[in-house]
Amino acid sequence: MTKHRPSDIGFSLAALAAGAVAAAGVAGALFLTGVIPPPLAGIVGLGVGLFLAASIKFADQWEKAVVLRLGRYRGLRGPGYFPIIPILDRVAYTIDQRIRTAAFGAESCLTRDTVPVNVDAIAFWIVRDAERAALEVQDYDEAVILSAQTALRDAIGKHDLAELIQSRVELGEGLKVALEQKMATWGIHVQSVEIRDVIIPAALEDAMSRQAQAERERQARIILGTAETEIAHKFVEAANAYRDHPAAMNLRAMNMLYESIVKRGSLMVVPSGLADSLNVPSLMGAMGGAGLLPRDTGAEAPVEPSKPAKEPVTQGAGGGH
């Protein structure tokens, strides 16, 4: 609850100025009329000034002041300056009517699947009815926090860990509805409740990480196997098309051969059966005439040195001499 400001129980600058003017005026009037002696006129003027200064209070634009008269509720005052009767009236406290926040949490709470978690949340609320908030609850700040903690613990016990992690918005909406029902008679409106963090044990977090990694690996293998199956079906369809159209198969082979030959410095080994079906010498000649094959630079081809002939070995009839 908003604490008392010095201006709530003391004197504001405007009240002091008004009291000083009133004291000087009353004392001067009594002195000039000569009704009472000058010392007594000063005391009377000072008393009037203090009474007037104590009767002027003020509240800020966003506040409502709760005024009690002899302990009984007299109403709300403000914003701005307002008068009271000193000694009889007093400003008990002021109520802030701006949007306020309350951070709360639940530690080591068990979810429905018996997992201990720590949950941090924050509630945005506002005092709609200042009179109810002043009269129905002693300390509504603390009441809001304790009620929110109780509702959060109850909600954690009704949800699984996966629901807490994935459905934070829905959990916050449920907490908002629960707090609204409890605080309706307090004059407090809860605008929203947000779950900031859900903390789980480190060992469980590591196990969940490994489980998620294994699940992604399984999905990747399933996708790869599906792709391989689709590729195999396409190959079967292509094979059926080439089987029914031999000319298409030859054109495909020529295209593959061309793509390999146009790369400078590449070496291609063509099976004899494919070469016979493509008539490779004619194809190479046509491609060379078109400039698709590298031309001869004019350098003489290296001649492999001939091996020296072995001298015949002559043996005589009777042995060598």
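The values are calculated or read from the model by the stated rules, or taken from the named source; none is laboratory data. All figures in this text were calculated on a predicted structure; none of them were measured in a lab. For neighbour counting, all protein chains shown are included, and Cβ atoms are generated from backbone atoms with ideal geometry for every residue, glycine included.
Only residues that are surrounded by fewer than 16 Cβ atoms within 10 Å (Cβ to Cβ) and under 12 Å from ALA123 (Cα atoms) were counted across segment 148-162, and they come to 0.
Among the residues of segment 130-147, just one is surrounded by fewer than 17 Cβ atoms within 10 Å (Cβ to Cβ), in a loop (DSSP other than H, G, I, E, B) and free of Cβ contacts under 8 Å to residues at least 60 places away in the same chain, namely GLN138. If you take the residues in segment 2-26 that are among the hydrophobic types (A, V, I, L, M, F, W, C), surrounded by fewer than 16 Cβ atoms within 10 Å (Cβ to Cβ) and under 50 Å from the mean Cα position of the chain (by Cα), which one is modelled with the lowest pLDDT? Here the answer is ILE9. Pairs linking a residue in segment 65-88 that is without any contact (Cβ under 8 Å) to a residue 60 or more places away in the chain to a residue that is surrounded by fewer than 17 Cβ atoms within 10 Å (Cβ to Cβ) and of a type in the set (Asp, Glu), with Cβ atoms under 7 Å and 6 or more positions apart or on different chains, are LEU76/GLU131; PRO79/ASP60.
The residue that is nearest to the chain's Cα centre (by Cα), counting only those in segment 56-83 that are surrounded by 17 or more Cβ atoms within 10 Å (Cβ to Cβ) and within 19 Å of ALA20 (Cβ to Cβ), is PHE58. Residue check: is VAL91 in contact with a Lys or Arg (Cβ under 9 Å, 6 or more places away or on another chain) and either surrounded by 16 or more Cβ atoms within 10 Å (Cβ to Cβ) or not in a strand (DSSP E or B) (or both)? Spelling it out, VAL91 is indeed in contact with a Lys or Arg (Cβ under 9 Å, 6 or more places away or on another chain) and either surrounded by 16 or more Cβ atoms within 10 Å (Cβ to Cβ) or not in a strand (DSSP E or B) (or both). Assess whether THR150 counts as being in a helix (DSSP H, G or I) and polar (S, T, N, Q). It is true that THR150 is in a helix (DSSP H, G or I) and polar (S, T, N, Q).
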